[in-house]
Amino acid sequence: MIPASPPATEKNKALGRLDLRVKKQFTAAKNGTPGFSLDVSVSAEAGITILFGRSGSGKSTLLDCISGLLQPEGGRVVLNAETGETVLFDSEKSINVSPAQRAVGYVFQNLALFPHLTVKANVEYGLAHLPRELRQQRRTEILQLFHCGQLADRKPDEISGGERQRVALARTLITEPRILLLDEPLSALDVGTKLKILEDLQAWNEKRHIPILYVTHSPGEAMRLGENVIYLESGRVLAQGKAEIIRQYAADEI
Amino acid sequence: MNWQAIILTLRLAVTVSAVLIIIGLPLGYWIAFSRWRWKFLIESLVAMPLVLPPTVLGFYFLLLLGRGGIVGAWLYRIFGVILPFSFAGLVIASVLYSMPFAVQPLVVGFAGVDRKLIAASALLGASRLRTFLRVILPLSLTHLLTAVVLSFAHTLGEFGVVLMVGGNIPGVTRTISIAIYDNVQALNYASANQNALCLLIFSFVILSVVYALNRRASFFGAAP
């Protein structure tokens, strides 16, 4: 079990809650891809929420809709924070903030580190608007937090898999996102490494209390990591609650 | 050695390559990423010089941009410019004629960049221009090099368009290929040989350099 998120007192409950209502239809393609419809209405509090589902259940599609890479046909994506409500998407009011303006951190499964840039340049990529000294300072801090300080001048193909995951996280977190989406970025790692990285992530989030959606298709992993779990199946929320719901619905797979 | 023709040819090739890259970068980006349903029409238009004889292009160039043509008459009236049989006219015609050699490699390069990298750049707050300059272009450097060299080499070896549009004016439109043609017509084989050999060796050296560099793609810090 990873260290528990800070207790959900009334105060930090209000800190960064993600409210989602997303509808998206994919018609069957001529090449045999079957049609698919995503219809999800769900909230995620500050801290880590596990988004669990088998492959093809719509997990990544949901993350794409939250980040703005895909545009849902209907629904709302809203972040409720201390400072008030931020609407990222609202089909009725025709609000659709572009991915670059959403301040949603998204770490892909393949990490998408820029292969031609050093770790340093990768991590500073999202800080182009800041003066150089500030960029360097923030970069040094975050690389230290994720134990990657010594890698600054290497290229992504010169570091290990676990190090790449840490760098990818650091690159996203340095931009101070309001929501963090993790699409199985740690799936290739052994449990020990994975838990260490998640500890660092928890430490980072202690001061910030942003909602973190962690996607996994492994029931065992969902049980181990999760306090809060959203169980997705065929584009619908099958259940939401504590990790035990996994035992209930996916007992045969554990 | 016909230095005047050689220098003119190089000047033409350099100018045309430069113009083609300036046009080719945005055009290639648009073709690679646009989802416009009629995009294929623009793609066909760009690729046309690959199938058409240069005489067709040259013919319509003269018809349109000649002093009697719709555009040409206007240009003459307003700016006093006559494009046919001038260096500027030669540049314009060559740009059109070599367009696919610049645009195609760029489209292939841009479209080959991992979409996740482009998405990641946007999610980190980068504008489209910044994503292009910091991610897409650096990862397409070998394709950019190919585009430059092919434009350059193709202009170097051009004959039909130059003959149609430029004619044969020493120092203005007489390129090496035209000079060689002239020499042969005049049965002056020694001069023809000199110029031809010069072009042959030069072309071989350039292409060899490109292929050598492409083989060491990592030299540019990115795989194609």
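Just a few scattered comments:
- Number of the exception - B:W36 against (1) under 30 Å from B:L137 (Cα atoms); (2) among the hydrophobic types (A, V, I, L, M, F, W, C); (3) part of a helix (DSSP H, G or I): (3)
- Among residues of the stretch B:1-37 being more than 17 Å from the chain's Cα centre (by Cα) and not hydrophobic (A, V, I, L, M, F, W, C), the one that is surrounded by the most Cβ atoms within 10 Å (Cβ to Cβ) is B:N2.
- Number of residues in the stretch B:104-131 that are more than 30 Å from A:T175 (Cβ to Cβ) and buried (at least 20 other Cβ atoms within 10 Å of the Cβ): the value is 4.
- Conditions (1) buried (at least 22 other Cβ atoms within 10 Å of the Cβ); (2) over 20 Å from B:A119 (Cα atoms): number failed by A:G32: (1)
- Residues of the stretch A:169-211 that turn out to be assigned to a strand (DSSP E or B), surrounded by fewer than 24 Cβ atoms within 10 Å (Cβ to Cβ) and away from chain B (no Cβ under 14 Å), as a count: 0
- Taking first residues from the stretch B:61-76 that are in contact (Cβ under 8 Å) with a residue 12 or more places away in the chain and partners that are in a helix (DSSP H, G or I) and not hydrophobic (A, V, I, L, M, F, W, C), the Cβ contacts under 6 Å between residues at least 6 apart in sequence or on separate chains come to B:L65/B:G72; B:G66/B:G72; B:R67/B:Y76.
- Picking from residues in the stretch A:126-163 that are facing another protein chain (nearest Cβ under 9 Å) and crowded, with 17+ Cβ neighbours inside 10 Å, the one that is farthest from the chain's Cα centre (by Cα) is A:K155.
So that you can scan it fast, the table gives a plain yes or no per residue for (1) modelled with pLDDT of 95 or more; (2) within 14 Å of another protein chain (Cβ to nearest Cβ); (3) in contact with a Gly (Cβ under 9 Å, 6 or more places away or on another chain); (4) crowded, with 18+ Cβ neighbours inside 10 Å:
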residue	(1), (2), (3), (4)
B:L64	no, no, yes, no
B:A73	no, no, yes, no
B:F87	no, no, yes, no
B:L133	yes, yes, no, no
B:T142	no, yes, yes, yes
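- Only one of the listed residues (B:V81, B:V107, B:V103, B:V91) is over 30 Å from A:S67 (Cβ atoms) and modelled with pLDDT of 95 or more. That residue is B:V103.
- Residues satisfying the stated conditions in the stretch B:177-213, i.e. under 30 Å from B:L141 (Cα atoms) and either surrounded by 17 or more Cβ atoms within 10 Å (Cβ to Cβ) or among the small types (G, A, S) (or both): B:C198, B:L199, B:S203, B:S208, B:V210, B:A212
- Scanning the stretch A:203-225 for residues that are out of contact with any helix residue (DSSP H, G or I) (no Cβ under 8 Å at 6 or more places or on another chain) and within 13 Å of A:T49 (Cβ to Cβ) yields A:N205, A:I210, A:P211.
- Entirely in the stretch A:60-125, the strands (runs of 3 or more DSSP E) that have 1 or more residues that are at the interface with chain B (Cβ under 9 Å from one of its Cβ atoms), within 21 Å of B:V113 (Cα to Cα) and within 20 Å of the chain's Cα centre (by Cα): A:104-107
- In the stretch A:77-101, the residues that are on the phi < 0 side of the Ramachandran plot form Cβ pairs under 8 Å with partners that are loosely packed, with under 11 Cβ neighbours inside 10 Å, at six or more places apart or across chains, as follows: A:V78/A:E85; A:L79/A:E85; A:V87/A:K93.
The values are calculated or read from the model by the stated rules, or taken from the named source; none is laboratory data. Computed from a predicted model, the values in this text were never measured in an experiment. Because the Cβ atoms are built from the backbone with ideal geometry, glycine has one as well, and the counts that use them run over all protein chains shown.
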